[in-house]
Amino acid sequence: MNLIDVAKQFNSEESCLAYLEQMRWPAGLACLSCGSVKVSRIKSKGKTGKVRHLYQCLEKECRHQFTATTGTIFHDTHLPLQKWFLAISLICESKKGISANQIKRALGVQYKTAWHLCHRIRKAMEVEDTDQLSGIVEVDETYVGGRYDKRRKRGRYEKVPVVGLIERNGRVRAETVPVASKITLVGAINRHVAPEAELVITDENPSYVSVRKTHRHAVINHIKTYVQGRIYTNTIENFWSLLKRGIIGSFHKVSAKHLPRYLAEFTFRFNNRGEENLFGMTVKNLVESINLKYSELTSEGSE
């Protein structure tokens, strides 16, 4: 579903609510309290004249009233669901990401609203994948931050280190680490790569030397060459290129505490690049995710 499809299909609050109902109850509507399928639909008008679409359980012991958004991230939102759906579509379609300022202009909302909206969608893209990577896996680390400027009197690598692992023609994982050391880099490989993986390929960084103790390990020496048969790390380098073009071109600046969510966005979009309904997957994740409050985003020490 591209942006035009989303705009056509979800042109009213009713159509959005119907889609959320389908996402939440694919097997049929059921009470959130007791699970009964005996549920009636009610339309009621509030003081403002806005029509509310309610469900009421018909079990005598329950009689629970709820809506399609009850208990979800969309509950009590002041933003129309149409704008939520358009924002989801824009983020899913933007290969290099889309800034909150662009979302603000596209939806006609305040920057604060757009920024909060984007981060809640990114939070829903933090999908935990417990299956370890297999086959040929490329591993590399990079640093995210501003360009080196000698006037600022800082080291070239006083940035946020990020380790990435990618299967050839498969999934990618990326996570921030406190420091790009042997413990963190090899630890990431042991967590994410299956011991029976065909091959783990890294560059000549000495931190990767001990990988051979747990995995079949090959090294590409970038001082001499970048490709030696099937030994190369160009796949993960291409992912880093995509990520950094997004950060430099779309976001311009990403803080360390919010970086994990940006990584989640890029890895989610990359890992589901062949998915026909990425929009639907994201909406389903939002329905099942916990709301990320604005106060949590802006408080010190928040991630």
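The values are calculated or read from the model by the stated rules, or taken from the named source; none is laboratory data. Remember, it's a predicted structure, so these values are computed and weren't measured experimentally. Reconstructed Cβ throughout: ideal geometry from the backbone, glycine too, with neighbour counts over all protein chains shown. What goes into the accessible areas is simple: the full protein's heavy atoms, side chains included, and nothing from ligands, DNA or RNA. Shrake-Rupley method; radii C 1.70, N 1.55, O 1.52, S 1.80 Å.
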* Asked: Based solely on its DSSP helices, what 222 nm [θ] is calculated for the chain when runs of n ≥ 4 H residues each add -39,500 (n - 2.57) and the sum is averaged over all residues, nearest 500 deg cm²/dmol?
  -> -10500 deg cm²/dmol
* Structure fact -> Using the Kirkwood formula on alpha carbons, the hydrodynamic radius of region 1-104 in angstrom works out to 15.4 Å
* To do: Compare 129, 203, 140 in a GNM of the chain, Cα atoms joined below 10 Å, and give the one with the largest fluctuation.
  => 129
* Globularity index of region 157-231, i.e. its alpha-carbon radius of gyration over 2.2 N^0.38 Å -> 1.10
* **Over region 254-303, volume per residue of the alpha carbon convex hull, in Å³** => 82 Å³
* **Within a Gaussian network of the chain (alpha carbon springs, distance under 10 Å), most fluctuating of 96, 60, 112** => 60
* Structure fact -> Given a Förster distance of 45 Å, the FRET efficiency implied by the Cβ-Cβ spacing of residue 248 and residue 70, rounded to the nearest 0.05, works out to 0.65
* Find the accessible area per residue for region 15-123; the probe is 1.4 Å, ligands and nucleic acids are left out, and the unit is Å². => 54 Å²
* Asked: In nm, to one decimal, how far is the modelled label at residue 78 from the one at residue 143, with both set 7 Å along Cα→Cβ?
  -> 4.2 nm
* **Per-q log10 I(q)/I(0), region 226-286, q = 0.20 Å⁻¹ (Debye; single scatterer per alpha-carbon; no solvent)** => -0.91
* What share of the DSSP beta bridges in the chain is antiparallel, in percent to the nearest 5? -> 75 percent
* With 5 Å bins from 0: P(r) over region 46-104, alpha-carbon pairs, percent -> 4, 13, 17, 18, 15, 11, 9, 6, 4, 2, 0
* Note down the net charge around residue 279, summing +1 for each Lys or Arg and -1 for each Asp or Glu among other residues with Cβ under 11 Å from its Cβ. => -3
* **Efficiency of FRET between residue 300 and residue 128 - r from beta-carbon atoms, R0 35 angstrom, step 0.05** => 0.85
* To do: Would you mind getting the Kirkwood hydrodynamic radius of region 108-237 from its Cα pairs, rounded to one decimal in Å?
  => 16.6 Å
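Of all DSSP beta bridges in region 137-284, what percent run antiparallel (nearest 5)?
If I count the DSSP bridges inside region 137-284, around 75 percent turn out antiparallel.
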* Asked: Using the alpha carbon gyration tensor of the chain, what are the three equivalent-ellipsoid semi-axes (square root of 5 times each eigenvalue), largest first, in whole Å?
  -> 43, 23, 17
* Determine the dipole magnitude for the chain: charges of +1 sit on the beta-carbon of Lys and Arg, -1 on that of Asp and Glu, nothing else is charged, the reference point is the Cα centre, and the result goes in debye to the nearest 20. => 1220 debye
* Asked: Between residue 60 and residue 2, what is the FRET efficiency for a Förster distance of 51 Å, r being their Cβ-Cβ separation, to the nearest 0.05?
  -> 0.60
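Which whole number of Å³ per residue matches the convex hull of the alpha-carbon atoms in region 164-303? Please list the in-between numbers first.
On the way: hull volume 21.7 nm³, N = 140.
For region 164-303, the hull spanned by Cα atoms encloses 155 Å³ per residue.
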* To do: Pop out the carbon and sulfur fraction of the accessible area of the chain as a percent, whole number, probe 1.4 Å.
  => 50 percent
* Structure fact -> The pairs in 104/293; 50/104; 213/257; 8/43; 213/284 lying past 30 Å Cα-Cα in this model are 213/257; 213/284
* Asked: For region 172-303, what is the accessible area per residue in Å² when the probe is 1.4 Å?
  -> 53 Å²
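Give me the Kirkwood hydrodynamic radius of region 1-56 in Å, from all C-alpha pairs, to one decimal place?
When all Cα pairs of region 1-56 are included, the Kirkwood radius is 13.1 Å.
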